[in-house]
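First the structure, in the form of structure tokens, and then the observations on it.
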Amino acid sequence: MITAKTIKNKTRTFLSYTCIAAVSLVGMHGNSNAEVPVRQPVDYVNPYMGNISHLLVPTYPTVHLPNSFLRVYPERHDYTGDRLHGLPLIVTSHRGSSAFNLSPFQGENKDIQPVVSYSYDQEVIKPYAYSVYLDEQQVGVDFALSHQSALYELAFHKKNNPVSIIINSRNGKLRWDGKALSGYQSLANHTKVYIYLETAEAPAQAVVLRDNALVDGNEAEGRNAAMVLQFADGVRQLGLRYGISFIDEAQARENLRREIKDYNLAALKETGRKVWNDALGKIQVTGGSLDDQTVFYTSLYRTFERPVNISEDGRYFSAFDGKVHHDEGIPFFTDDWIWDAYRAHHPLNVLIDTEKEEHILHSFVTMAEQMEHFWLPTFPEITGDSRRMNSNHGVATLLDAYVKGVRGFDLEKAYQAAKGAITEKTLAPWSGAPAGELDRFYKENGYIPALREGEEETIPEVNGFERRQPVAVTLGTSYDTWCLAQLAKALGKDDEYEYFLQQSFNYRNLFHPETHFFHPKDAKGEFIEPFDYVFSGGQGARGYYGENNAWIYRWDVQHNIPDLIALMGGKETFIKNLDDMFNQPLGKSKQDFYAQLPDHTGNVGQFSMANEPSLHIPYLYNYAGQPWKTQKRIRTLLKQWFRNDLMGVPGDEDGGGMSAFVVFSKLGFYPVTPGTPSYSIGSPAFERAIIQLPNGKVFEVIANNVSETNKYIQSAKLNGQPLLTPWVSHEAVSQGGTLEFEMGDKANTSWGVEKPKG
């Protein structure tokens, strides 16, 4: 057993290894006198990784502290965009635009605009800092931030040009009181974000920019409300600091006062750097290439972008009821797209930051209490629950945490909120309407009925674009009710346990015994024919599935994989069907395929590495007696699709869900079924990984002889005892210890085939 005392030794080992590597690099370059700085975890992060999308939304090079609500990134059309649209002050949601813009300006008053478009160069982005040179304006920009406040240093290099800064609110109000600028921007659902901004040098005057002209005044309001602070001749260096709040302007000022007491940018950067190293240092890896470590720590960095803690001095504004609440000592988290995050992101929190996950789940239950209906949220954002996607997978986050020992939330309330979301709210995707005709049919028949091509939709709660997604919803709800059943059992609700457990088998109602696909049925119980498992269902296959086609949803029975194997006729057929998916061609040209299925990218055959319902699929070989194929496939997918370059993320990374897959997979194990306290083993990528657990213990993964070619497990030991199955329990991991692998370049087809006991 490894104890807390060992952590220091392991950390020394990690740092010693890095120092040795640094010294080795010096030797390689033949300069023994040069000092190579020791890399720390944050130094491996490349925020640009994935900034060019293969098709849809790219990653964003976000500057923020872990799970903090003040986030910024450069505003441009995309990574290759030639112009910066002002400088950001806060991005209020993942993928959103900045609520306020800052535009430093040197030139004639007639050329001032609400937001200046800049030519730029020399951009450097770190998780905690940003710098850029605005070359035509000749302005140097340096930036660092805290949790709810930030600091800019601006250097103006044009001689004999008056200096101004323009602050813009896209839709709100700004006011100058002679000492500071304050105001707000209106977001959706009666939510506002407030700002309080000060400058190190007092401006000579403050004016309003209205209709592209400067006018006297100290207040601007409406669309593109803009105030201009103009400075005296000779001002060439300018510090600017500000606080942000979702409560009010006074709280924004307090956030600034609490976090940034001067204009010391270097100190703020150093603090941010330490915060990031503490967060990323929860997992320490050695071995592998520089690119391997960069991909790993960049992926880990992305798992801290969401959800965000919006508590401010013990209070928070909730868009779920439009009120300011006291948090009672428990930080309030929101901005969490659970449909993506339940699969690996939340399980990663459970593993390395249990207290944070407790706070997140407590927040989910609190949201349900604050909303009109006591329903667990599905896509809680800064502006409330947007009810996106299909199914209600928040219940999986509750169960997964509970079975792994997390107790910092009210289980009874959580259960009731989850049950309400599944049984009282409509199952129709992208809808927050109460249950209706579609849901009554599901309750009576055990599946969502599909419409035939051209058949008109008549059910009002169904989103016109998203459509019914009947197979996706039936499969997702089967899993959700399995989770609900386990929670009922934990609470001693035996009748409800039996009821929901029976419903968890509803996926069987759409299984086609001849094709082995989940196949839509009409209201009469007849399979829709003719049918194409690649292209039927229209845009995004939404008429029957959701974003992905039938080849992906063929495996969407996370909670009962042995039954899925039996439905397909046994392990041999199951393996063949898996192999077929990776070999099946697109069926049309790439242009036609992606025009219809733009989310279904990152293809290997019909497998999509770019969309979250695929994440568990490569691990399914473990369940059918061929874990070596999981080892091969995981390593291949990581190498093909997750790379240290601008296109190094295959698809729509929604703020941590896909990145958590990379973190787990490079460590060598993955939570295939959230809600079950075990991990499925893949192929470790590093010689050594040390996971610092919240209880003070550490879990170590050692992979002897591992390399890019040596990806196959020859044998394994858990705490010195032979491990013969391709699973490790959460209990074993959470209690600390060592999982040790012997790796080789050829598959050991006999390892991991033994059935687990019990």
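Every read-out reported here was derived from the displayed coordinates using simple, explicitly stated rules and does not represent laboratory data. Being a predicted model, the structure only gives us computed values, none of them experimental. Neighbour counts are summed over all protein chains in view; Cβ atoms, including those assigned to glycine, are modelled from backbone coordinates with ideal geometry.
Collect residues whose amide H, placed 1.01 Å from N in the peptide plane, falls under 5 Å from the amide H of N603; neighbours closer than 5 in sequence don't count.
M609
Using θ = phi - 60° and the Karplus relation 6.51 cos²θ - 1.76 cosθ + 1.60, list the HN-Hα couplings for the stretch 105-111 in order, rounded to whole Hz, with x at every Gly or Pro.
8, 10, x, 7, 4, 5, 9
Take the alpha-carbon centre of the stretch 201-242, take the same for the stretch 373-426, and report the distance between them in whole Å.
Centre-to-centre distance over Cα atoms comes out at 46 Å.
Quick one: what are the phi-derived ³J(HN,Hα) couplings along the stretch 603-611, Karplus 6.51/-1.76/1.60 with θ = phi - 60°, whole Hz, x for glycine and proline?
7, 10, x, 8, 6, 10, 6, 9, 9
If packing is taken as the average number of other Cβ atoms within 10 Å across a peptide's residues, how do 625-632, 720-727, 409-416 rank, most packed first?
With the highest mean Cβ count within 10 Å placed first, the list reads 625-632, 409-416, 720-727.
For V698, which sequence-distant residues (separation of 5 or more, or a different chain) have an amide H within less than 5 Å of its own amide H, given hydrogens modelled in the peptide plane?
Amide H neighbours of V698, under 5 Å, 5+ apart: I2, L693, G737.
Provide the packing ranking of 551-563, 314-326, i.e. peptides ordered by the mean count of other C-beta atoms within 10 Å per residue, highest first.
Highest mean packing first, the order is 551-563, 314-326.
Here are some pairs, K269/K404; K588/K632; K126/K158; K419/K524; K419/K717; which of them have Cα atoms lying more than 30 Å apart in this structure?
Where the Cα-Cα span goes over 30 Å, the pairs concerned are K269/K404; K419/K717.
Neighbour counts of other C-beta atoms within 10 Å: give me T199, T749, T271 arranged from fewest to most.
T749, T271, T199
Which lysines have a Cα less than 21 Å from the Cα of K425, not counting those fewer than 8 places away in the same chain?
Correct list for K425: K413, K443.
Only loop residues by DSSP count here, and only those with at most 12 other Cβ atoms within 10 Å; note down the trypsin sites (Lys or Arg not before Pro) in the stretch 657-758 that meet that.
Taking the stretch 657-758 and a limit of 12 other Cβ atoms within 10 Å, the loop trypsin sites (Lys or Arg not before Pro) found are K746, K757.
Quick one: Cα centre-to-centre distance for the stretch 101-145 and the stretch 529-562, in angstrom?
Going from one Cα centre to the other spans 47 Å.
For n ≥ 4 DSSP H runs only, could you compute -39500 (n - 2.57) per run for the chain, divide by its residues and tell me the 222 nm figure to the nearest 500?
After summing the helix terms and dividing by the residues of the chain, the value is -9000 deg cm²/dmol.
What does the extension gain come out to for D121 and A267, with contour length at 0.36 nm per residue minus their alpha carbon separation?
Extra length available between D121 and A267 comes to 50.1 nm.
E369 versus K159, label points 7 Å from Cα toward the beta carbon: distance in nm?
Distance between label points: 6.6 nm.
Are there DSSP H segments in the chain that both extend 27 Å or more along their axis (alpha-carbon positions) and score a mean Kyte-Doolittle hydropathy of at least 0.5? List them, or say none.
Helix filter hits for the chain: 470-490.
Using a cut-off of 20 Å between alpha-carbon atoms, which lysines can reach K323, once sequence neighbours fewer than 8 places away in the same chain are excluded?
Here the lysines satisfying the reach criterion relative to K323 are K192.
Can you list the aspartates and glutamates whose alpha carbon is less than 14 Å from that of K261, not counting same-chain residues fewer than 8 positions off?
E198
Under 5 Å between amide hydrogens, which residues at least 5 positions from I448 or on another chain qualify, with H placed 1.01 Å from N in the peptide plane?
T474
The stretch 110-230: Rg/Rh from Cα coordinates, Kirkwood Rh?
Rounded to two decimals, Rg over Rh is 0.96.
Report, in whole Å, the centroid distance computed from the Cα atoms of the stretch 719-758 and the stretch 453-509.
34
Where does the stretch 641-680 land on Rg/Rh, using Cα atoms and the Kirkwood Rh?
Ratio of gyration radius to Kirkwood radius for the stretch 641-680: 1.04.
Using a/c under 1.5 as the rounded threshold, could you call the stretch 217-376 rounded, prolate or oblate? The axes a ≥ b ≥ c are square roots of the C-alpha gyration tensor eigenvalues, and prolate needs a/b larger than b/c, oblate otherwise.
oblate
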